[in-house]
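The values are calculated or read from the model by the stated rules, or taken from the named source; none is laboratory data. If you're wondering where the values come from, they're calculated on a predicted model, not measured in any experiment. Quick reminder, even Gly has a Cβ in these numbers, built from the backbone with ideal geometry, and neighbours come from all protein chains shown. Ligands, DNA and RNA are excluded from the accessible area calculation, which covers all protein heavy atoms including side chains. Shrake-Rupley method; radii C 1.70, N 1.55, O 1.52, S 1.80 Å.
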Amino acid sequence: MSFEKDRAVTSIGATPHMPPLVSVLVPAFNASPYIERTLRSAMSQTYAALEIIVVDDGSTDDTACLVERAAVQDGRIRLIRTENRGVAAARNTGLEAALGAYVAFLDADDLWHPTKIEKQVESLERLPSHWAAVYVLHHFINLEDEIVGPGPSHLARGYIFARHLTFKYVGNGSALLVRRQAALDIGGFDSSYAAAGIGGCEDLDFELRLAARYRIEYVPERLLGYRKHPGSMSSDYVKMAHALAEVIRRSLATTPRLSPYAVRSATIAAHKYALHQYLLAENLRLAAGPALAILGNEPAFLARLIARRAASRMKRGVLSAILGADYAERRRIRLRFDQVTPSAVAASPGGFWMRRRVARLARMDAVLESGL
């Protein structure tokens, strides 16, 4: 997709009296159960200089009607309707239409804390232009917007390409705010994954191409509610495993200066992700491949995984037998995402081997950045 005409469009940036405009890009496909809540979380941002662009990616439900109704209430909302082409193409359509100096991506079933954009803009505004983006941490939420668990708390800032290949710090497509020009300069999102039938990790592909050229900042707070549900793209476990493997393969192929250690680290991490996804899908045949690859490189990881799963299954079985199958659900008290006041999260240091890996990959990042 060409962005040539965009380069002639001047983004609306900051002036002494006006904060920079942020374009919120919301790709939506059959999102009617969530889109109103998602838009409310964008409309409720404490940072008011927003335009909210919803790209209806060929929905067959009433997503467009709900967006139009929200636009009557808030003039910052715009609706663009396209044929169904996938999330990457929808984001690119929004990127073409955006007028902001910054763009923030928000999936149509996720939620933002009201201060998310304000804190991200504040972080990037005090940094020079080679810092291209800033991400936040997340909570996992359910269909009722209740928090079901915290996302990872691994954090890294600066030039993080080699580390991001292994640790995937950003975590999902709704966490990132980016300088629009940087997003254009790397060519936007790659829609070829969806065309090949392996869409789902286009956000990681975008993050890696961004991290290969720029520095990235973080806000160490859980300002995002990341929804996982049976109908979401991330719940197609087998497809997500294949998609991530292809993203890593392409990234490694286009970065010949990576050390063998960095390549091996990224490859093993992809195998771990695939194993986790295949186990969630209860597909032991597919799980055997990455399990064997991990066994040859990190047998202790595989032993710990088997032990944890066995212990968890035994505990669930005992509690269900004694207290009933729905015991855990009946006893669990969950807070809604909008009831939680975010606070700074300390970065997870990990164990000895993880700290060692981070240090070695950070040295690789320093070498890569020196060649830019």
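Pairs meeting the criteria (first residue in the stretch 284-295 and within 16 Å of LEU244 (Cα to Cα), second residue surrounded by fewer than 19 Cβ atoms within 10 Å (Cβ to Cβ), beta carbons under 7 Å, at least 6 apart or on different chains) are LEU286/VAL238; ALA287/LEU279.
Kindly evaluate MET354 against the criterion of being closer than 30 Å to LYS119 by Cβ, in a helix (DSSP H, G or I) and modelled with pLDDT under 95. In short, yes. Looking at ASP185, ASP236, just one residue is surrounded by fewer than 19 Cβ atoms within 10 Å (Cβ to Cβ) and modelled with pLDDT under 95, and that residue is ASP236.
Within the stretch 191-199, does at least one residue satisfy the condition of being crowded, with 22+ Cβ neighbours inside 10 Å and either under 24 Å from PRO114 (Cα atoms) or of a type outside the set (Ser, Thr, Tyr) (or both)? Break it down stepwise before answering.
Going through the stretch 191-199, the residues crowded, with 22+ Cβ neighbours inside 10 Å turn out to be 193.
When the remaining residues are screened for being either under 24 Å from PRO114 (Cα atoms) or of a type outside the set (Ser, Thr, Tyr) (or both), the result is none.
No, there is no match, as no residue in the stretch 191-199 is crowded, with 22+ Cβ neighbours inside 10 Å and either under 24 Å from PRO114 (Cα atoms) or of a type outside the set (Ser, Thr, Tyr) (or both).
Selection within the stretch 135-151: residues that are assigned to a loop (DSSP other than H, G, I, E, B) and under 28 Å from VAL121 (Cβ atoms). The member of this set that is farthest from the chain's Cα centre (by Cα) is ASP145. Scanning the stretch 116-126 finds no residues that are in contact (Cβ under 8 Å) with a residue 24 or more places away in the chain and part of a loop (DSSP other than H, G, I, E, B). Being out of contact with any Gly (no Cβ under 8 Å at 6 or more places or on another chain), crowded, with 16+ Cβ neighbours inside 10 Å and polar (S, T, N, Q) is not true of THR60.
SER251 - would you say it is surrounded by fewer than 16 Cβ atoms within 10 Å (Cβ to Cβ) and modelled with pLDDT of 95 or more? It is false that SER251 is surrounded by fewer than 16 Cβ atoms within 10 Å (Cβ to Cβ) and modelled with pLDDT of 95 or more.
The listed residues are ARG163, ARG179, and the only one of them that is touching a strand residue (DSSP E or B) at 6+ places or on another chain (Cβ under 6 Å) and open to solvent by 20 Å² or more (accessible area, probe 1.4 Å) turns out to be ARG179.
Yes/no per residue for (1) farther than 22 Å from ARG215 by Cα; (2) modelled with pLDDT of 90 or more; (3) open to solvent by 100 Å² or more (accessible area, probe 1.4 Å); (4) over 24 Å from the mean Cα position of the chain (by Cα):
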{"position": "ALA328", "(1), (2), (3), (4)": "yes, no, no, yes"}
{"position": "ARG336", "(1), (2), (3), (4)": "yes, yes, no, no"}
{"position": "PRO349", "(1), (2), (3), (4)": "no, no, no, no"}
{"position": "LEU361", "(1), (2), (3), (4)": "no, yes, no, no"}
{"position": "MET364", "(1), (2), (3), (4)": "no, yes, no, no"}
{"position": "GLU369", "(1), (2), (3), (4)": "no, yes, no, no"}
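Taking first residues from the stretch 32-57 that are open to solvent by 10 Å² or more (accessible area, probe 1.4 Å) and partners that are assigned to a helix (DSSP H, G or I) and hydroxyl-bearing (Ser, Thr, Tyr), the Cβ contacts under 6 Å between residues at least 6 apart in sequence or on separate chains come to SER32/THR63.
In summary, CYS65 fulfils each of the numbered conditions (1) open to solvent by 20 Å² or more (accessible area, probe 1.4 Å); (2) of a type outside the set (D, E, K, R); (3) over 23 Å from PHE189 (Cα atoms); (4) not in a helix (DSSP H, G or I) with the single exception of condition (4).
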